[in-house]
Amino acid sequence: MNEFPLLTLVIWLPIIGGVVVLASGDKSANLSKWIGLTFAVLTFLVSLGLWIGFDSTTAQMQFVERSAWIPTFNVEYFLGVDGISMPLIILTTFITIFVIVAGWEVITYKPSQYMAAFLIMNGIMVGVFSALDAILFYVFWEAMLIPMFIIIGVWGGPNRVYATIKFFLYTFFGSVFMLVALIYLYFQSGSFSILDFQGLQLGMTAQILIFIAFLLAFAVKVPMFPVHTWLPDAHVEAPTGGSVILAAIMLKIGGYGFLRFSMPITPDASASLAWLIIALSLIAILYIGFVALVQQDMKKLIAYSSIAHMGFVTLGFFIVFTIIQNPALSSGSVMGIEGGMVQMISHGFISGALFLCVGVLYDRVHSREIADYGGVVNTMPWFGAFMVFFAMSNAGLPGTSGFVGEFMVILATFRADFWWAVLAATTLILAAAFTLWMVKRVVFGEVKNDKVAVLQDLNARETFNLGALAAAVLALGLWPAPLMNVMHATVENLVTQVSVCKLPAAESADCVLARPAPIAELNGRPVAATH
Amino acid sequence: MPFDAANLLPILPEIAILITACVVLVVDLYLKEKDKGFNHTLSLLGLVVAIALTGAVGGGERQIFFDGNLVRDAMSDLLKGAILLVSLFAFIYARPWLKDRGMLVGEFYVLGLLAVLGMLIMVSANSFLTIYLGLELQALCLYALVAFDRDSKQGAEAAMKYFVLGALGSGMLLYGISMIYGATGSIEFGPVAQAVAEQGISNKVLVFGIVFLVIGIGFKFGAVPFHMWVPDIYEGAPTPAVLILGSAPKIAAFALAIRMLADGLQGLLADWQGMLIILAVLSMGLGNLVAIAQTNIKRMLAYSTISHVGFIFLGLLAGSAQGYASAMFYAIVYAVMAAGAFGILLILSREGFDAENLDDLKGLNDRDPWYAAMMAIIMFSMAGVPPTVGFMAKLLVLESVIRLDLVWLALLAVAFSIIGAFYYLRVVKFIYFDRPALNAPVLVTTGGVRAAMTLNGLALLALGLFPAALLSLCQAAFV
C-alpha cells in the first residue's frame, strides 16, 4: 500500500486553503481569489495522483490510512478509495476549480468568505467519498451542510433564507436516522468500520429498518421523489457556484451512499424493497420530466432535469436486484451499476456546465426567466454554441457523455423488464423536449429585447470554464473506457456481494438472494474479483 | 476523630476560592471607584490558583475524608476543573458589561466566587448533608446575583421567582433525603448504597424518597415539568448573572444527580430510570418546540437549556458507566457552549443597551466576522452538527441509549434535535444573512474578551475533532 497519506492531503489541503483565504481577508479581493484558485488547482493536481496510482485490477480499498480517532468506541480515522469513490473524488476537485473561477468577478460581497466556503466544502466532500469509518463519514456528511447553508444564505437570491433553511432541515432530517442506524450497526459489529458493517449478518426486520433509515438519508440527498422539493428551491436561490456544486457533486453523494451503505449492508432488504426504489425512480424520470417541461425559470428547469437524471442512477443501481434474482440472466447487473456510475459522473459535468451557462446569462441580464431571453445566439455566438452542445448532451445525444450512462441503464433495465425499459426510455424524449425547447426559446430566434441586443459574448474566464467542461463531456462520451476500467473490478465485486443472502441461518428460508456458498466470503470484504 | 491536616489537602481548591472571596470582600472596601477592576483581577487570580491546585491535588485513588462527608475522585477532579474554567470565562466576559454600568463592584465577585464554592462542594460531596449544603450555598448566591441590578424591576421579579421556586425544589430534595435517611439510617452515600442493596426495592419508603429526590434534581436542572422558573429567570436577570447561572451550575447539577443517584441509589436504578425517561422526553420535546416561538434570545436559550437537560438525562438514565460518562461529557460541553453564547450577548451589549432580541444579532458578520464565526460555531454545536463537539456529545448519549435497546428513545431524541436545529439555524441566519441595522455601532471589545471568546469557540471545534482526550477523562471517572 501507498505509504504517503495522499487522501489526507486531498481532504485537508483545500480546508487549510480555506482557512488561509479567510485569514487573507477582504482588504485585497484579488489576493484572496488567487490564493483560492491556487489551492483549488493544487488540490486537483494532487488528487490526480489517486488516478495515476490506482490499481484497477482489484476491488480492495486503496490508499488506505487507518489510525485511532476515538479509541474507546473504536472510531477510526479510516480512509480509502475504490473504483466507485475515486472517480467521484476527482470529479469533486475538478468541478471546484470552475466554481472558483465562475465567482471571480461576480462575487463582490465578502469574496474571501465565498472562496473559503467552497474550498472547505471541497475538502469535506472528498472526505465523504473517502471515509471508511461510519462516524467519520457522518461527520463529513453533516459538516458539508454548514458551508452550503452559508453559501446559499449569504450569496443567494431574494428568497434565500427560506431555501437554505429548507435545504438544511431536509438533509438533517434524513441523516439523523442514518446516525441511529449506524450506532445500531456498531453494536452488532463492534466497530464503526463500514467494511465490517458490510460483512455483518442481519435479520430481515433489522435489515428493513436499517434500509429505511439509510433510504431517508440518501433519498433526500439524491433527491428522489417525493422528497425532492428542497432541490428546486435551493437551486434557484443559490449563487451559480452553489448550484454547480449542489448538482454536480452533492447529489452524487446520495447515489454513492446507496452503493456504499444500502446495497452491501442490507442486500436482502434492498432486494425485497427494490420495487419501491425502482418505482420511485421511474416516477422521478417520468413525472419530474413533465414538471421540467413547464418551468419558466431556467435554473428550476435544470434542477428538475437533475432529479430526472438522478432517477436513472437509482434505477440503474436497484435494477440489479431484479436481474440477479432471475437465474436466466447473468450479465446485466454489472452494467446497471456501471451505467448509474457513468451517469453520475457525466451528469456532474453536464449539469455543472448548464448551471454555469445560466450563470453567464444571469450575470449579464439578472434574470433567469426564459421569457426574458430570445435570440441570444445573435449577440453571443460562442455562448450559443456551448449552450446548445450542453443541452444536446443533457438530452443524451450519442457521442456525449450523457448518452453512455443512459444507454447502459436502459439496456440493463431492458433485461429485467421490457415495460420498465420503455418507461425509462421515454426520458430520452422528455429530456430532449424540455432542454431543447428551453434552448430554442433562449438561444435561437429573433433578438427579443434591448437587453439581449447589447449582450457581450463570453470572456476568457467563461470560455475556459465552458470549454474545459465541454472537453470533459466529449471525452467521456467518445471514450468512456478508462472510467469503466477503473470501476469495473469494484462493481463486479459489489454485485457478488449483493447477490449473496445475508440473513442468519435461522431465517435462511426467506432468502430471495443466493444462499451464501463459502462462509469465508462473508467475513469482511471479499477480496479478488472473479475475472 | 482528631483533626488531621492532611484532610485539608484534597479540598485546597475550595479553600483557595473561599480565601479569594474573603479577600475580595475586604479589599473592595479600600478600593477607590476607578480601581474597582482590581476585584476582577483578584478573582481571576483565585480561579487560576484553584485550577492549578485542582490539578496538583488531583489524580490517584479515590479519597474519602472529613468523616465520610467529602470525597475526591477522578470525577470530582474533572468536574471541579471544568466548573472553575467555565467560571473563569464567565468572569472575563462579564467585566465590560459591569464596567459600562458602574456595577464593577466587589459584591458581584464575592457572590460569584461563593456560588463557585458551592458548586465545588456539591461536586466533592459524599453525603446527602454535604451536597445539600453546597447546593444551598450556590443557590443563595445565585438568587442574589439575579437581583444584582437592584434598580431593575424585572431583575427583582426574576429573583423572587427564582427564590420561591428554588426553595420549593430544595424543600422537595430535603424531604426526599429525610425519607432515604429514615429507610437506611444513614446520610452517607456508601452506607446508603449498602442498605439499599440489602433492602432492595421492597422498601416503599425508599422508593417514596427517590420520587422526591428526582423532583428535586429536576428542579435544579430545570427539567420539564419542573422548568417553569428557567425562561423567566433567563429573561429577567442581568445577562452576566444568566451567564453565571446558565453555565457552570449545569455541571454542578450533573454532580448532584450522579452523586445521589449513582453513588447512593444505584441499586434502585429500575425505579429512577423510568422517571428520568419521562423527564428526558418531556424536556427535549417542550424545550425544542417552545424555543422556536421565542424572539428574545435569552428566552430562546432558556428553552434550549431545557432541551439539552433532556439529552443529559438520556445519558444518566442509562445507569451504566458508559452512560454516566456520556452525560458528564454532555454537561461539560453544554456549559462551555452556554458560556460562549451568553458571552457573545455580553459582547453585543454596550452602555445603555442590552442585546436581548434575535434582531440584535443582525449582520454580526459585517460588524465583526470573527465573533460571527464563533457564534456560528456555538450555534452549530448546540444543534449537534459535526464537526463541532455538540455532535460528539449527542452521539455519545445516543450510543448509551441504544446500548440499552431503547432505540425508540434515540429516534425520539434525534427527531427533537431536528426541530431544535431550526432555531439555532435561525440565529445563524440573523448573523450571516441579514445586514446590520443602520445605527449599529462598531463593536468595541477588550483583547482579553476576544482571546477568551476565541479560545471558547475554537475549543468547541477542537473538541469535536479530537474528542478522545476529554472522553477518556470522563470515562476514567466511572471505572
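The values are calculated or read from the model by the stated rules, or taken from the named source; none is laboratory data. Just so you know, these numbers come straight off a predicted model, no measurement behind them. Every residue, glycine as well, gets a Cβ built from its backbone with ideal geometry; the counts of neighbours run over all protein chains shown. Heavy atoms of the whole protein, side chains included, go into the accessibility calculation; ligands, DNA and RNA do not. Shrake-Rupley method; radii C 1.70, N 1.55, O 1.52, S 1.80 Å.
Condition test on B:Pro436, is it assigned to a loop (DSSP other than H, G, I, E, B) and in contact with a Leu (Cβ under 8 Å, 6 or more places away or on another chain)? Taking the combined requirement at face value, the residue satisfies it. The one condition from (1) more than 10 Å from chain A (Cβ to nearest Cβ); (2) closer than 16 Å to B:Ala335 by Cα; (3) in contact with a helix residue (DSSP H, G or I) (Cβ under 6 Å, 6 or more places away or on another chain) that B:Ala459 does not meet is (3). Only one entry in A:His228, A:His235 is part of a loop (DSSP other than H, G, I, E, B) and either buried (at least 23 other Cβ atoms within 10 Å of the Cβ) or touching a helix residue (DSSP H, G or I) at 6+ places or on another chain (Cβ under 7 Å) (or both), namely A:His228.
Does B:Arg403 satisfy the criteria of being facing chain A (nearest Cβ under 10 Å) and farther than 21 Å from A:Ile165 by Cα? So B:Arg403 passes the test. For B:Ala293, the conditions (1) closer than 19 Å to B:Ser417 by Cα; (2) surrounded by 19 or more Cβ atoms within 10 Å (Cβ to Cβ) all hold with the exception of (2). Residues in the range B:29-72 that are of a type in the set (Val, Ile, Thr), open to solvent by 70 Å² or more (accessible area, probe 1.4 Å) and farther than 17 Å from B:Ile19 by Cα: B:Ile64 alone. Within the range B:222-247, residues that are within 15 Å of B:Leu165 (Cβ to Cβ) sit with their Cβ atoms under 6 Å from residues that are open to solvent by 10 Å² or more (accessible area, probe 1.4 Å) and of a type in the set (Asp, Glu), at 6+ positions apart or across chains, in these pairs: B:Gly236/B:Glu157. Condition check: assigned to a helix (DSSP H, G or I), within 11 Å of chain B (Cβ to nearest Cβ), open to solvent by less than 10 Å² (accessible area, probe 1.4 Å) and more than 18 Å from A:Gln198 (Cβ to Cβ). Does A:Gly123 satisfy that? Judged against the criteria, A:Gly123 is not a match. When the test is whether a residue is modelled with pLDDT of 85 or more and within 27 Å of A:Gly25 (Cβ to Cβ), B:Leu358 does not pass it. Against the conditions (1) in contact (Cβ under 8 Å) with a residue 60 or more places away in the chain; (2) of a type outside the set (A, V, I, L, M, F, W, C); (3) surrounded by fewer than 22 Cβ atoms within 10 Å (Cβ to Cβ); (4) more than 11 Å from chain B (Cβ to nearest Cβ), A:Gly241 satisfies every one except (3).
Condition first: facing another protein chain (nearest Cβ under 8 Å) and in contact (Cβ under 8 Å) with a residue 60 or more places away in the chain. Now tell me which residues in the range B:355-391 satisfy that. Across the range B:355-391, the qualifying residues are B:Asn365, B:Pro386, B:Pro387, B:Phe391. Restricting attention to the range B:360-384, the residues that are open to solvent by 50 Å² or more (accessible area, probe 1.4 Å) and touching a Phe, Trp or Tyr at 6+ places or on another chain (Cβ under 7 Å) add up to 1. Looking at the range B:411-426, which of its residues are facing another protein chain (nearest Cβ under 8 Å) and either touching a residue at least 60 places away in the same chain (Cβ under 8 Å) or farther than 16 Å from B:Ser326 by Cβ (or both)? Within the range B:411-426, B:Leu411, B:Ala415, B:Ser417, B:Ile418, B:Ala421, B:Phe422, B:Leu425, B:Arg426 qualify. Suppose we keep only residues that are closer than 20 Å to B:Lys220 by Cα, touching a Leu at 6+ places or on another chain (Cβ under 9 Å) and not aliphatic (A, V, I, L, M) within the range B:327-341. Which one would you say is surrounded by the fewest Cβ atoms within 10 Å (Cβ to Cβ)? It comes out as B:Phe329. When A:Gly49, A:Gly18, A:Gly36, A:Gly80 are screened for being of a type outside the set (Ser, Thr, Tyr), within 14 Å of chain B (Cβ to nearest Cβ), in contact (Cβ under 8 Å) with a residue 24 or more places away in the chain and open to solvent by less than 60 Å² (accessible area, probe 1.4 Å), only A:Gly18 passes. Is the range B:402-409 home to any residue that is in contact with a Gly (Cβ under 6 Å, 6 or more places away or on another chain) and either within 13 Å of B:Phe311 (Cβ to Cβ) or among the small types (Gly, Ala, Ser) (or both)? Checked the range B:402-409: no residue is in contact with a Gly (Cβ under 6 Å, 6 or more places away or on another chain) and either within 13 Å of B:Phe311 (Cβ to Cβ) or among the small types (Gly, Ala, Ser) (or both). Restricting attention to the range A:305-348 and to residues that are over 15 Å from the mean Cα position of the chain (by Cα) and within 23 Å of A:Phe290 (Cβ to Cβ), the residue that is surrounded by the fewest Cβ atoms within 10 Å (Cβ to Cβ) turns out to be A:Phe318. Here is the figure for the range B:163-186: residues that are closer than 28 Å to B:Pro225 by Cβ and either hydrophobic (A, V, I, L, M, F, W, C) or open to solvent by 40 Å² or more (accessible area, probe 1.4 Å) (or both) total 16.
Filtered by the rule that a residue be crowded, with 18+ Cβ neighbours inside 10 Å and touching a Ser or Thr at 6+ places or on another chain (Cβ under 9 Å), the range A:463-482 gives A:Ala470, A:Ala472, A:Val473, A:Leu476, A:Gly477, A:Pro480. Scanning the range A:83-109 for residues being in contact with a Ser or Thr (Cβ under 7 Å, 6 or more places away or on another chain), closer than 24 Å to A:Leu259 by Cα and open to solvent by 10 Å² or more (accessible area, probe 1.4 Å) gives a total of 1.
When every residue of the range B:437-451 is checked against the conditions, none turns out to be within 14 Å of another protein chain (Cβ to nearest Cβ), within 26 Å of B:Arg95 (Cα to Cα) and open to solvent by less than 60 Å² (accessible area, probe 1.4 Å).
Checking each residue in the range A:150-173 for being under 19 Å from A:Ala116 (Cα atoms) and more than 7 Å from every other protein chain (Cβ to nearest Cβ) picks out A:Ile151, A:Ile152, A:Trp155, A:Gly156, A:Thr164. Modelled with pLDDT under 85 and more than 22 Å from B:Leu133 (Cα to Cα), is that true of B:Gly55? Judged against the criteria, B:Gly55 is not a match.
Residue check: A:Val139 meets all listed conditions (1) touching a Pro at 6+ places or on another chain (Cβ under 8 Å); (2) more than 7 Å from chain B (Cβ to nearest Cβ); (3) of a type in the set (A, V, I, L, M, F, W, C) but one, namely (2). Here B:Gly464 clears all of (1) within 14 Å of another protein chain (Cβ to nearest Cβ); (2) in a helix (DSSP H, G or I); (3) out of contact with any Pro (no Cβ under 8 Å at 6 or more places or on another chain) except the condition numbered (3).
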